[in-house]
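The values are calculated or read from the model by the stated rules, or taken from the named source; none is laboratory data. Since this is a predicted model, take the numbers as computed values, not measurements. Using ideal geometry, Cβ is built from the backbone for each residue, glycine included, and neighbour counts are taken over all protein chains shown. Keep in mind that these areas ignore ligands, DNA and RNA; they rest on the heavy atoms of the full protein, side chains included. Shrake-Rupley method; radii C 1.70, N 1.55, O 1.52, S 1.80 Å.
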Amino acid sequence: MRSVHANPGVRTVRSEATITDGLRVREAAIGFLSGPHLRRTVGSATASGAPGGVIRDALPAEIAALVRRDLICDAGWTREYWVLDEDSAVHRVEPQRFEETRPDLRFSRYSCLRSPHRDSLALRAVLSAAVDRRCLANLADACGTPLRFVSADVGAYGCGDYLRRHSDVFDHRVFGMVWFFNEDRPPAAGGELVVETGSGECTVVEPLAGSVAVIPFHPSAHHLVASVRSERWRRYSVAIHYAAAG
């Protein structure tokens, strides 16, 4: 948790350091989002119908650590439970309702950060870079179509948390990116992102800090987050979605 010091000089130093960290993260995120490596990966994934691609070390380790610090320290996390109805529509429910729902209709459980703290400048830098006009132009060029930002889902998965197999083909969505900010994963800890195409081809993505997975959205494509099995490790991620504009 963030501590508040009575000494105003200490608070000033910490505030300046936080601002500097945020600027560093934003510069690194924009550099990645507007760069050729991501453009090639997005272009290839969206054009070929492949299950996507993974860019390791998209952000330097020290930059990813700054974002992870914000994620760990932010007190705004809420537990969320989602279920499917008989028509496959997804609804958020209370924990008791979730436990009473048939296992095959339990869609996901995890912790979500809907509104990052105003001092979480490193995390906010990633979110702001995702809508930067230079980055949107680079991604649009990769897809060959104008894009608009749709949403960003900041999630934390602890022991037993998961997101079941689903497709994101709605609202004219074209592709998504999942950024990973967790610490190194213990062996057999779970939490993998699994992306598949209609042909059954799959990509299993290990959640490594600083890496980014690109997920193209096609009618027959699906993805999921495998259940976390470790009681000590948490999977931190930011999923960003883009759709065709106009």
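Quick notes
- Exactly one residue among ARG92, ARG97 is open to solvent by 70 Å² or more (accessible area, probe 1.4 Å), in contact with a Phe, Trp or Tyr (Cβ under 6 Å, 6 or more places away or on another chain), farther than 30 Å from ILE63 by Cβ and not aromatic (Phe, Trp, Tyr), and that residue is ARG92.
- When restricted to residues that are in a strand (DSSP E or B) and open to solvent by less than 10 Å² (accessible area, probe 1.4 Å), region 160-184 contains 5.
- Candidate set: region 110-139, residues that are assigned to a helix (DSSP H, G or I) and either modelled with pLDDT under 95 or within 30 Å of PRO95 (Cα to Cα) (or both); chosen: the one most open to solvent (accessible area, probe 1.4 Å): ARG124
- Residues located in region 55-88, provided they are surrounded by fewer than 13 Cβ atoms within 10 Å (Cβ to Cβ) and β-branched (Val, Ile, Thr): THR78
- Complete set of residues in region 34-45 that are open to solvent by less than 30 Å² (accessible area, probe 1.4 Å) and in contact with a strand residue (DSSP E or B) (Cβ under 9 Å, 6 or more places away or on another chain): LEU38, THR41, VAL42, ALA45
- Residue within region 203-216 that is outside any strand (DSSP E or B) and modelled with pLDDT under 95 present: no
- Condition broken by ASP184, with the remaining ones in (1) in contact (Cβ under 8 Å) with a residue 60 or more places away in the chain; (2) over 25 Å from THR46 (Cα atoms) satisfied: (1)
- Filtered by the rule that a residue be at pLDDT 50 or above and over 21 Å from the mean Cα position of the chain (by Cα), region 1-35 gives ARG14, SER15, GLU16, ALA17, THR18, ILE19, THR20.
- Flag if TYR157 is in contact with a Gly (Cβ under 9 Å, 6 or more places away or on another chain) and open to solvent by less than 30 Å² (accessible area, probe 1.4 Å): yes
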